Amino acid sequence: MMLKISDLKVNYGGIEAVKGISFTVPEKSIVTLIGANGAGKSTTLRTIAGLVKPQSGKIEFLGEDITGKGVEDIVSRNITMVPEGRKIFPDLTVLENLKIGAYLRKDDITDDLNYVFDLFPRLKERTWQHGGTLSGGEQQMLAVGRALMSRPKLMMMDEPSLGLAPLVVRNIFEIIQEINKQGVTILLIEQNANMALKVADIGYVLETGRITLSGTGQELLANEGVKAAYLGT
């Protein structure tokens, strides 16, 4: 098992945001957490990433306890996050943004840059353009590309479709599947439950800090409660 979360509890801003959740992320899978705003999805990812310290519970990565480890320690284990809102560096070029993703690496990054440019030809065309001048979709591509530069085993993605046009969203989800086919495990949180469940091997529904439902992506897509609450049908 790549990632195992056991009875995780997290307080955030004085509120118990995550109330003892447990779930697993198998190697080379796509796993999604869906739920309304405030359900605890982002807090869960931020805790795994080392940005937030949990109150209790356990986070294991490839069998090793990483609970409460710092961000640099987490990144050095090839766990990376594509944050909500992209968080690229607007005053740096596309190339500089990508190089920052490889800041812990001491080896040659040329092959990885070429891989990112193959995935995102638009970025190759804009190598010397400042990140802040890119469209929303291009910035999301840059955020994903930057995460790939650390050669992740596990890539966590926080709302990758947020604020993007439907055509761009489809493209981003195709890229997510392509990255997964290359062997990268993906943990995805997403407001667009329909798209997320279509690509996910496993889905978990989070409601006010608790997991209330789990199953394959297809099982959750067919679930009447999920349809009513998250799929608008």
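The values are calculated or read from the model by the stated rules, or taken from the named source; none is laboratory data. Worth saying up front: this structure is predicted, and the values here are computed from it rather than measured. Using ideal geometry, Cβ is built from the backbone for each residue, glycine included, and neighbour counts are taken over all protein chains shown.
Of the conditions (1) touching a Ser or Thr at 6+ places or on another chain (Cβ under 8 Å); (2) within 16 Å of A147 (Cβ to Cβ); (3) modelled with pLDDT under 95, Q191 fails just one. Which one is it?
Answer for Q191: the failing condition is (2).
Just name the residue that is surrounded by the most Cβ atoms within 10 Å (Cβ to Cβ) out of those in region 32-70 that are part of a helix (DSSP H, G or I) and out of contact with any Leu (no Cβ under 6 Å at 6 or more places or on another chain).
As a first pass, look at region 32-70 and keep what is part of a helix (DSSP H, G or I): 41-48.
Checking which are out of contact with any Leu (no Cβ under 6 Å at 6 or more places or on another chain) leaves us with 42-48.
Values: S42: 20, T43: 23, T44: 30, L45: 23, R46: 20, T47: 25, I48: 25.
By that ranking, first place goes to T44.
Looking at region 199-233, which of the residues that are over 21 Å from M2 (Cα atoms) and either β-branched (V, I, T) or touching a Ser or Thr at 6+ places or on another chain (Cβ under 6 Å) (or both) is modelled with the lowest pLDDT?
Among those residues, the one meeting the criterion is T233.
Among the residues of region 115-138 satisfying the criterion of being within 24 Å of I74 (Cβ to Cβ) and not aliphatic (A, V, I, L, M), which is surrounded by the most Cβ atoms within 10 Å (Cβ to Cβ)? Walk me through it before giving the result.
Within region 115-138, the first condition is being within 24 Å of I74 (Cβ to Cβ), and the residues that meet it are 115-116, 119, 131.
In the following step, the residues that additionally are not aliphatic (A, V, I, L, M) were identified as 115, 131.
Numbers: Y115: 17, G131: 22.
Ranking the candidates gives G131 first.
For the list (1) surrounded by fewer than 18 Cβ atoms within 10 Å (Cβ to Cβ); (2) among the charged types (D, E, K, R); (3) in contact (Cβ under 8 Å) with a residue 24 or more places away in the chain, I need the number of the one condition that D112 fails.
(1)
Determine, yes or no, whether L95 is of a type outside the set (V, I, T), surrounded by 13 or more Cβ atoms within 10 Å (Cβ to Cβ) and out of contact with any Ser or Thr (no Cβ under 9 Å at 6 or more places or on another chain).
no
Quick check on region 8-28: of everything there that is part of a loop (DSSP other than H, G, I, E, B) and out of contact with any Leu (no Cβ under 9 Å at 6 or more places or on another chain), which residue is nearest to N192 (Cα to Cα)?
K28
The conditions are (1) modelled with pLDDT of 95 or more; (2) under 15 Å from the mean Cα position of the chain (by Cα), and R151 fails exactly one of them. Which is it?
Exception for R151: condition (1).
With the condition kept exactly as written, say whether any residue in region 204-224 is hydrophobic (A, V, I, L, M, F, W, C), farther than 19 Å from R122 by Cβ and exposed (fewer than 15 other Cβ atoms within 10 Å of the Cβ).
The answer is yes; a qualifying residue exists.
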